[in-house]
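**Q** I have a structure I would like to understand better, so I am pasting it below and will then ask my questions one at a time.
The values are calculated or read from the model by the stated rules, or taken from the named source; none is laboratory data. All figures in this text were calculated on a predicted structure; none of them were measured in a lab. Virtual Cβ from ideal backbone geometry, glycine too; neighbours counted across all protein chains shown. What goes into the accessible areas is simple: the full protein's heavy atoms, side chains included, and nothing from ligands, DNA or RNA. Shrake-Rupley method; radii C 1.70, N 1.55, O 1.52, S 1.80 Å.
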Amino acid sequence: FIQSLVADKDILIIGNDGGSEVTAVEFDMSDAGAAIFNGTLTIPSQIIHAGDTDTLFEFQGANSMRFKAGGNEVVEMDGNTVTFNDGSADYDFRVESNGNANMLFVDGGNDVVNIGGTTAITTAALTVGKTAVGSNTALRIDYNDDNTAPSSVLELSKEGTVFGRFG
């Protein structure tokens, strides 16, 4: 074994790179032995959490990475596609914005998507909501084919009291 007998004294692995001395790896003893690598770290296939062996970061062949939690594949990236929840568990997915913890919320248990508004709406497959009072339209679909100001194809509003404007 390799041991530092001095409190908080780092352990260094030093080598020679093209005639220059380099610290390849440093084990920071004041940070419970955290490893600091000077260059690339090559992993054969998995990084596994020591206290939870079914939660891991996994490499599966060329251009493929997976994040697993509780044995379920949460995110997979294969070079062309990013897939969330490939194992079809009832996972939720959310995107935060300034002032809204659930700006985009996919409710895996209820198979619904909420944009803005509240995450408790489960009566429709897609809900576009606005919780703050103001003049912004909650839902607007625009058509623009010539890079000029868009023309509304569909607009529903409340504060500006439009309730229409189709086409």
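**Q** Hey, what did segment 1-50 get for relative contact order, percent, Cα under 8 Å, at least 6 apart? Show your work: numbers first, answer last.
**A** On the way: 57 pairs, mean separation 12.9, N = 50.
Taking the mean separation of contacting Cα pairs over the length of segment 1-50, I get 26 percent.
**Q** Modelling each spin label as a point 7 Å along the Cα-to-Cβ direction, I'd like the Asn38/Asp10 distance in nm, to one decimal.
**A** Roughly 1.1 nm, to one decimal.
**Q** Once phi is turned into ³J(HN,Hα) by the Karplus curve 6.51 cos²θ - 1.76 cosθ + 1.60 with θ = phi - 60°, what whole-Hz value does each residue of segment 87-94 show in order, with x for glycine and proline?
**A** x, 6, 6, 7, 7, 9, 9, 9
**Q** Roughly how much of Ser20 is accessible, in Å² to the nearest 10, using a 1.4 Å probe?
**A** Spelled out: Ser20, probe radius 1.4 Å, area about 60 Å².
**Q** Related question: At most 14 other Cβ atoms within 10 Å and a DSSP loop assignment: could you name the trypsin sites (Lys or Arg not before Pro) in segment 1-98 that fit?
**A** On the way: sites: Lys9, Arg66, Lys68, Arg94; in loops: Lys9.
Hits after loop and neighbour filter: Lys9.
**Q** Could you pull out every residue, at least 5 positions away or on a different chain, whose amide H is within less than 5 Å of the one on Gly87? Hs are placed 1.01 Å off N in the peptide plane, and Pro or chain starts have none.
**A** Amide H neighbours of Gly87, under 5 Å, 5+ apart: Glu73.
**Q** Something else: Amide H to amide H under 5 Å from Leu104: which residues, 5+ apart in sequence or cross-chain, H placed 1.01 Å off N in plane?
**A** Amide H to amide H, under 5 Å and 5 or more residues apart or across chains, Leu104 pairs with Val95, Gly116.
**Q** Continuing with this model, one more query. Could you give each residue of segment 21-32 its phi-based ³J(HN,Hα) in whole Hz, using Karplus coefficients 6.51, -1.76, 1.60 with θ = phi - 60°, and x for Gly or Pro?
**A** So the Karplus estimates, Gly and Pro as x, are 6, 10, 8, 6, 9, 10, 9, 7, 6, 7, 10, 6 Hz.
**Q** Roughly how much of Ile13 is accessible, in Å² to the nearest 10, using a 1.4 Å probe?
**A** That residue has around 80 Å² of solvent-accessible surface.
**Q** Within segment 38-64, whose backbone N sits under 11 Å from a point 7 Å along Cα→Cβ of Phe27?
**A** Taking a point 7 Å out along Cα→Cβ of Phe27, no residue of segment 38-64 has its backbone N under 11 Å.
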